[in-house]
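Values quoted throughout were computed directly from the atomic coordinates according to the rules given, and no laboratory measurement underlies them. Bear in mind that the values here come from a model prediction, so they are computed numbers and not experimental data. No Cβ is skipped: glycine too gets one built from the backbone with ideal geometry, and neighbour counts run over all protein chains shown.
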Amino acid sequence: MYGRALHQKAIVMPQTATARAHANLAFVKYWGKADASINLPLNNSISMNLNQATTITTVTFDDRLTADQVVVGDAPASAAFATRVSKHLDRVRDLAGNRSHAHVHTVNTFPAGAGIASSASGLAALSLAASAALGLKLDERELSILARRGSGSACRSIPAGFVEWYAGQANDDSYASSIAAPEHWAICDLAVIISRAAKKIPSSEGHELARGSIFSQVRLDQLPARTEVIRRAILERDFATFGRETEAEALAMHAIAMTSAYTAGNAWHSGVYYWLPETLELLIAVQEWREQGLPVYFTLDAGPTVHLLCPAEAADQVLAAVHATAAERPGRAWEVLRNDPGGPAVLIEP
Ligand code: DP6
């Protein structure tokens, strides 16, 4: 009788786990997919986890639920995000051979629309929490592959610190691993937020358009050499080489976006502009700061936020330069978020 009660309890007991993952910032960008159905990229990419930009996700599988429930902060998720989460849970359920629905609660420690993608940290934390809740013991590579299916860049939020995503040829060999621990190099990202307005072309569409640019193949041809230089510069803590190549790579990505034609509302557009006028003002300011001796370079993702990269010891000086430049003209309400290299995705107590 006692044994039976225990057995029944085991069947109905919800299976739960909580995970934390950091967003990441790419130095070599993932831009363009070889196979969109599994987020297989056209090229290797390199990134750094962002220690202050974190998603914490709790997944609870419960036989009594008749549908997945997704809550972000204290409000139900948008339909689009809830669908994305359910699709990802399906991948985990398939791996575990379990059909239970789940309650998912997810919180970001950083603001939306700030130019730091919550999909990377969110899908990485979801992959770890959901697989652990169902008792799957995935190793780092398997977790990275799983996270990649949810959002390509999420595979880089599984390992620690400085990370390379090996493009691979198929599902099982496209994953990310750490090339250096977070403590390896004290550099930081000062993300200057210029606008929080939603972008017109989400990055998933930008990926699709990339191949249409006349510069796409040019970039892909020179990327293996550039990726090698950036990897080595990180390993050797060679900031000038790292900064130069990273900045040039960001501009190559944006040159492709700006020459990726698309049609919207029946109107033809010659390219995607993720920049705003103040983005360009800031990029020009960075060049001037360098002329004045400041060690600072920039990178940009698919949005107007400018990510300033500098050695940690120069962060205060760079911040002062940002504030001084912002004060030069009325209306520049730039907000700055600082991130240092961050750790891996981990399971935590709720
Ligand atoms: C510009 O990973 O958001 O940030 O795989 O469609 O979810 P999906 O795309 P996503 O693309 C990120 C693009 C980028 C560059 C990068 O992070 O490497």
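Below are the figures for this structure:
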item	result
Whole-number percent relative contact order across the chain, with pairs defined as alpha carbons under 8 Å at least 6 apart	24
Check: region 235-350 dipole with +1 on Lys, Arg Cβ and -1 on Asp, Glu Cβ, in debye	300
Rounded if a/c under 1.5, otherwise prolate or oblate - the chain, Cα gyration tensor axes	prolate
Cleavage-rule hits (trypsin sites (Lys or Arg not before Pro)) in region 94-198: DSSP loop, at most 11 neighbouring Cβ within 10 angstrom	Arg99, Lys137
Residue-count net charge about Arg141 - beta-carbon cut-off 14 Å; Lys, Arg +1, Asp, Glu -1	-2
Region 118-201 - charge dipole about Cα centre, Lys and Arg +1 at Cβ, Asp and Glu -1, debye rounded to 20	500
Global form of region 155-226, assessed from the alpha-carbon gyration tensor, a/c cut-off 1.5	oblate
Cα gyration tensor category, rounded, prolate or oblate, for region 59-202 with a/c compared to 1.5	oblate
Contact order normalised by residue count of region 199-298, Cα under 8 Å, 6+ apart, percent	28
Pairs of lysine residues in the chain - Cα separation under 26 Å, sequence separation of 8 or more or cross-chain	10
Antiparallel bridge percentage (DSSP; both residues within the chain; nearest 5)	95
Of the DSSP H helices in the chain, those whose Cα atoms cover at least 27 Å axially and whose Kyte score averages -0.5 or more	216-235, 239-258
